[in-house]
Amino acid sequence: MIDLTPYLRRGDRIVFGQACGEPVSLVSALIEQGARIGDLSAFIATSFSGLFTPESADSFRLSSMGAIGALRSMTKAGKLQVIPVHVSQVAPMITAGIIGCDVAMIQLSPADAEGNHSCGLIGDYVRAAMDKARVVIAEINEAVPYVPGELIPASAIDVAIPVTRPPVEVAPATISATDEAIARHCAAYIGDGSVIQTGVGAVPDAILRLLGDRRDLGVHSGMLGDGLVDLAEAGVLTNARKEIDTGVSINGALIGTRRLYDWAHNNPAIRMCATSYTHDAAVLGRLSRLVTINSALEVDLTGQVNAEQSGAAYLGGTGGQVDFVRAGARSPGGCSIIALSASAKGGSLSKIVPALSGPVTTARSDVDIIVTEYGAAELKGQTLAERTRRLIAIADPTFREELERAAHIIQQRGY
C-alpha cells in the first residue's frame, strides 16, 4: 500500500483525476489512510471505479459535479456533496481556489524518450489541478496509453508512484429497441462533414453505428467511447472538413475499454485537450456543421431540460451539456439535440412533463431539438404554444391526452 502520510496534512483538499483516468491506487490508499490523517476533503467530477461507497466516505468528505457513473450510491446515501457547475468551469474554479486543491492525485502514462508523460485517458482539469496544488502525486501506470495532447514533464510531479494495473474500463451499454429508435432520429441530423459531440452510453453508441455510410465526419467532444473506434475503422472519421484541428479528433476523456485505449495509444489522429479547449465557446464557435447530442431525465412542455434530479433522487449532473447545446445550436449547418426516451419505469412515467420535478439544467431559450423514440421536435424559434404541440407529438402516446390538458392554458394565452 502506498503511504500517503508524508505528503498529506490534516485539512487538505484533494482533487482527483476522473473517469477512466482515476488514479485507482491513490484513491484506495486515501480510503485506507484518510481517517487517520484527518479532516480531508476531495473532489472528483465522475467515477466509474466503484471505490467510492457510503462506507468509504468515512475516510474523507467527497464532492462532485454530479451523480455520474458509480457515484449514484453516494448521493442516495447522502454522502456526496454536489456542486452545480458546468464542466468548462471546473478548471477555472480550481485555479481561482473556489474548488480547493492542496493536493492533486492523478494518473499518467509512462514517459516518452524526452521524459514527458501524457495525461493518458483524461485531459479536462488535470493540468489546472497540478498547477494549483502544493503537492502533485502521480500514479505512473504502465497500462495507460500514451495519447497525444498536453505533455506533463517529470519536473511537474512531486511524487511519482509507479504501478502496473488495468485502468478503469467502462463496457459498452446494451442497446435496446428504444435506443435504436432514438438513434435513427438523431442520425438523420448528421450529414457528410458533420462534427460530432456526444457522450457515452447506449444511445450514443447506437447513433455511431448508423453513420457508416457518411463521409468525412469529425469529432470535437468532451468524452468518447468505443464507438469512436468503429467510425475510424470504417473510414468515415477523417476530420477532413473541420475549420480547425483538421485531421484530428479533439477529446477530453476516453471512457471505454482496452480496445479504445489501444487505438488511442500514440495515435496522431486524436488529441486529448483540457476543457479550456474542448468546451470553450470561442473554439466551438469556429466549427461549422457541429452536431451536439446530450441526454436528459425529463423535458417540460416548453422545452426546459432537467438532466440532474428526479424528485428526491439525484441521478445526473450539469456536465458539459449547456456548453455544447449553445455551440451546436449556433453552429452554421449544425444543431443541438437532447435525446431521451419518452417514458420510464416500464412505461408508467412520462419523461415529457407539464413541469419539471428537478432543476433546469438547460434553459428553454437554449434548446434546439428534442428527440425521443417517437420523433424529433424542432423547438428553436418556435412559440411556447407551438412547442407544446411538437413535444406532445413525440411523447409516449399513453400520456398525450394528459399532456394536452396540461398544455391548454399555454396554448390559449400563448405563454
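The values are calculated or read from the model by the stated rules, or taken from the named source; none is laboratory data. All of these numbers come straight from a predicted model, not from anything done at the bench. Here the Cβ is made from the backbone with ideal geometry for all residues, glycine too, and neighbour counts use every protein chain on show.
When GLY199 is tested against the conditions (1) part of a loop (DSSP other than H, G, I, E, B); (2) assigned by TED's automatic domain parsing to the domain that holds ILE250; (3) modelled with pLDDT of 95 or more, the lone failure is (3). Taking residues in region 176-194 that are more than 17 Å from THR292 (Cα to Cα), and partners anywhere that are at pLDDT 95 or above and of a type in the set (Ser, Thr, Tyr), the pairs with Cβ atoms closer than 6 Å and at least 6 places apart or on different chains are THR178/SER341. Among the numbered conditions (1) closer than 27 Å to GLY222 by Cβ; (2) touching an Asp or Glu at 6+ places or on another chain (Cβ under 7 Å), the only one that GLY17 does not meet is (2). Just for region 234-264: of the residues that are assigned to a loop (DSSP other than H, G, I, E, B) and among the polar types (S, T, N, Q), which one is farthest from THR95 (Cα to Cα)? For region 234-264, the residue satisfying everything is THR238. Assess whether ARG364 counts as being part of a loop (DSSP other than H, G, I, E, B) and surrounded by fewer than 21 Cβ atoms within 10 Å (Cβ to Cβ). So ARG364 passes the test.
All conditions but one from (1) in contact with a helix residue (DSSP H, G or I) (Cβ under 6 Å, 6 or more places away or on another chain); (2) assigned to a helix (DSSP H, G or I) apply to ARG36; the one that does not is (1). Enumerate the pairs (first residue in region 51-72 and assigned to a helix (DSSP H, G or I); second residue anywhere and small (Gly, Ala, Ser)) with beta-carbon separation below 7 Å, excluding pairs fewer than 6 apart on the same chain, so at least 6 apart or on different chains. Every condition considered, the pairs that remain are ASP58/ALA35; SER59/GLY34; SER59/ALA35. Between ALA393, ALA344, the distinction of being more than 27 Å from THR318 (Cβ to Cβ) and either touching a strand residue (DSSP E or B) at 6+ places or on another chain (Cβ under 9 Å) or buried (at least 20 other Cβ atoms within 10 Å of the Cβ) (or both) belongs to ALA393 only. Considering region 232-256, the residues that are of a type in the set (S, T, N, Q) and buried (at least 16 other Cβ atoms within 10 Å of the Cβ) include one that is nearest to the chain's Cα centre (by Cα), namely ASN251. Here is the figure for region 265-299: residues that are of a type outside the set (Gly, Ala, Ser), outside any loop (DSSP other than H, G, I, E, B) and more than 15 Å from the chain's Cα centre (by Cα) total 8.
Under the condition of being of a type outside the set (A, V, I, L, M) and either part of a loop (DSSP other than H, G, I, E, B) or in contact (Cβ under 8 Å) with a residue 60 or more places away in the chain (or both), the residues counted in region 39-50 number 5.
Among the residues of region 132-185, those that are within 21 Å of the chain's Cα centre (by Cα) and either under 30 Å from VAL103 (Cβ atoms) or crowded, with 22+ Cβ neighbours inside 10 Å (or both) comprise VAL144, PRO145, VAL147, PRO148, GLY149, GLU150, PRO167, VAL168, GLU169, VAL170, ILE182, ALA183.
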